[in-house]
Amino acid sequence: MPETFDLLIKGATLVNHAGEGLADIGVKDGRIVAIGSFAGHCAGRTIDAVGLHILPGVIDTQVHFREPGLEHKEDLQSGSRSAVLGGVTAVFEMPNTKPATTSAEALADKVGRGRGRMYCDFAFFVGATRENVEELPRLEKLPGAAGIKVFMGSSTGDLLVDDEETLSRILALIARRAAFHAEDEARLRERASLRRDGDPLSHSQWRDPEAALAATAKLLRLATAAGKRVHVLHVSTAAEMQLLALHKDVASVEVTPQHLTLAAPEIYRRLGTKAQMNPPLRDPAHQNVLWWGLTQGVVDVLGSDHAPHTLEEKAQSYPLSPSGMPGVQTLVPVMLDHVSKGRLSLARFVDLTSAGPQRLFGISGKGRIAVGYDADLTIVDLKAERAIDDDWIGSKCGWTPFAGERVKGWPVGTVVRGDLAMWEGELGAACGEPVRFGEALPRDPLA
Ligand code: DOR
């Protein structure tokens with residue numbers, strides 16, 4: 001008797017840990033239950049995916065969705081809408097909201113807001129402050145927590161821990177891998193006068209490569225002393241990448257599609273303040289070494305650092321303009337375009353966007369196309385050629401730094417625990433749930 005599936009996806013090329021090949025995928029109760037050839041099987045819904053590629057669901061481990069407090073820029077629903085339109089099945093969201101996510105109450109509030117309202121699955125980073133250090137070991141293990149986030153240099157919002165004593169104390173206390181924004185606050189303060197009114201290129205001169213390197217070097221020293229794993233977000237400079245390559249015992253590395261794709265000084269002339277972010281977009285010499293790190297395996301994950309601001313906010317003259325750009329929706333097409341140009345393989349893309357996040361953060365039941373895992377799938381058309389434009393963007397901010405770029409490779413479907421969150425640009429139901437982590441699994445009293 002042929003098995004009955006809730007969802008059967010037929011005829012696509014599956015890309016997973018075992019390689020690449022034609023296979024059907026059977027889904028029941030939100031999980032993958034069979035991978036193989038299932039002609040004649042029944043299913044509640046069958047999708048013909050001939051000609052398409054199915055990847056493990058793309059997990060974006062750095063987004064800012066602004067809720068609560070800054071909903072005029074984005075909210076959890078609009079940010080996750082943008083995510084699934086771009087083929088992303090789960091996001092880790094950052095704590096620099098209003099209020100900042102620095103307590104159990106603030107975290108539980110976000111989890112409650114996300115459940116059934118977000119289109120993709122989610123986890124939230126808890127922000128470290130000088131005041132909540134002793135609480136962090138408890139906070140990092142709460143349901144829905146992706147871990148601890150530390151801003152070593154100030155950026156959007158007021159989260160900041162820049163003194164060595166507190167950083168060491170945080171590292172001594174926590175058990176999970178924490179994520180760090182590494183720019184040296186003292187150097188940023190010293191150099192603030194280098195900002196030139198109306199000139200966003202001066203942003204990259206103010207927040208210079210040395211500011212990033214100094215913070216990353218300090219972090220690696222403290223992590224090694226404490227014997228703790230650290231995750232360095234949005235690495236942007238050549239020297240950091242080379243240093244990180246010598247510290248893979250403690251450090252994992254994120255790069256963003258924008259640091260890999262958009263380069264100074266041209267991008268500041270073309271996009272003005274839209275190109276302004278922290279750490280800044282840098283020149284091709286740095287970008288080349290980021291690609292070296294990516295192809296040599298130093299880089300563990302791609303994160304979009306989706307950080308939307310409204311066009312009105314971005315229209316203010318530099319330095320009044322805020323730092324950050326949207327990116328959750330463009331991560332997949334921008335990077336698939338790099339795949340089409342031969343700059344990375346599809347297997348490496350999968351490694352960076354699902355297996356990598358799973359390995360670093362110990363995600364339970366995601367990050368792999370395998371029986372028993374959540375049916376989170378990113379379905380793409382590698383042959384589709386399209387132009388990215390602002391009209392396509394589902395984020396409240398309504399713009400993208402990649403507007404006008406023609407890319408080859410496009411997200412066609414986003415499957416979240418067996419539900420079609422997006423198919424050919426149409427949204428499904430919002431069914432987001434918290435991501436679970438092996439280091440913080442809830443006890444099940446009924447088991
Ligand atoms: O450019 C940035 N914008 N970098 C960050 O670290 C924060 C982000 C934001 O939240 O706007």
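Only the coordinates and a few stated rules stand behind these numbers; no lab work does. This structure is a prediction, so every number in the text was calculated from the model and none was measured. All Cβ positions, glycine included, derive from the backbone under ideal geometry; neighbour counts span all protein chains shown.
Compactness of the range 21-91, taken as the C-alpha radius of gyration over 2.2 N^0.38 Å, stands at 1.50.
Entry note, the chain: the mean residue ellipticity at 222 nm calculated from DSSP H runs of n ≥ 4, each adding -39500 (n - 2.57), is -7000 deg cm²/dmol after division by the residues and rounding to the nearest 500.
When Rg and Dmax are taken over the Cα atoms of the range 304-400, they come to 16.6, 53 Å. Across the cross-link table entries Lys98/Lys396; Lys314/Lys408; Lys248/Lys366; Lys274/Lys383, which are compared at the Cα atoms, the separations over 21 Å belong to Lys314/Lys408; Lys248/Lys366; Lys274/Lys383.
Measuring between their Cα centroids, the range 227-260 and the range 318-395 lie 19 Å from each other. If you wrap the tightest convex hull around every Cα atom of the range 118-263 and split its volume per residue, you get 138 Å³. The amide H of Ala178, built 1.01 Å from its N in the peptide plane, has His231 as neighbours under 5 Å, considering only residues 5 or more places off or on other chains.
DSSP assigns beta bridges within the chain; of those with both partners inside it, close to 50 percent run antiparallel. Under the convention that each Lys and Arg Cβ holds +1 and each Asp and Glu Cβ holds -1, the size of the dipole of the chain around its Cα centre is about 480 debye.
The convex hull defined by the C-alpha atoms of the chain has an orientation-averaged projected area of 20.2 nm².
Taking the fewest neighbouring Cβ atoms within 10 Å as the starting point, the ordered list for Arg406, Arg270, Arg117 is Arg406, Arg270, Arg117. For Leu7, the residues whose modelled amide H falls within less than 5 Å of its own, excluding neighbours fewer than 5 places apart on the same chain, are Val27, Gly44, Arg45. Proximity of backbone amide H atoms, modeled 1.01 Å from N, is registered between Phe122 and Val91, Glu433, Val435 at under 5 Å, excluding neighbours fewer than 5 places apart on the same chain. Assuming charge only on the beta carbon of Lys and Arg (+1) and of Asp and Glu (-1), the dipole of the range 103-224 about its Cα centre is about 480 debye to the nearest 20. Coupling constants for the range 6-21 follow from the phi torsions by the Karplus curve (6.51 cos²θ - 1.76 cosθ + 1.60, θ = phi - 60°), and in residue order they are 6, 9, 10, 10, 10, x, 8, 8, 8, 10, 9, 4, 8, x, 10, x Hz; glycine and proline get x.
Ranking of Asp6, Asp121 by neighbouring Cβ atoms within 10 Å, starting from the fewest: Asp6, Asp121. Rounded to the nearest angstrom and listed largest first, the equivalent-ellipsoid semi-axes of the range 180-275 from its Cα gyration tensor are 27, 16, 9.
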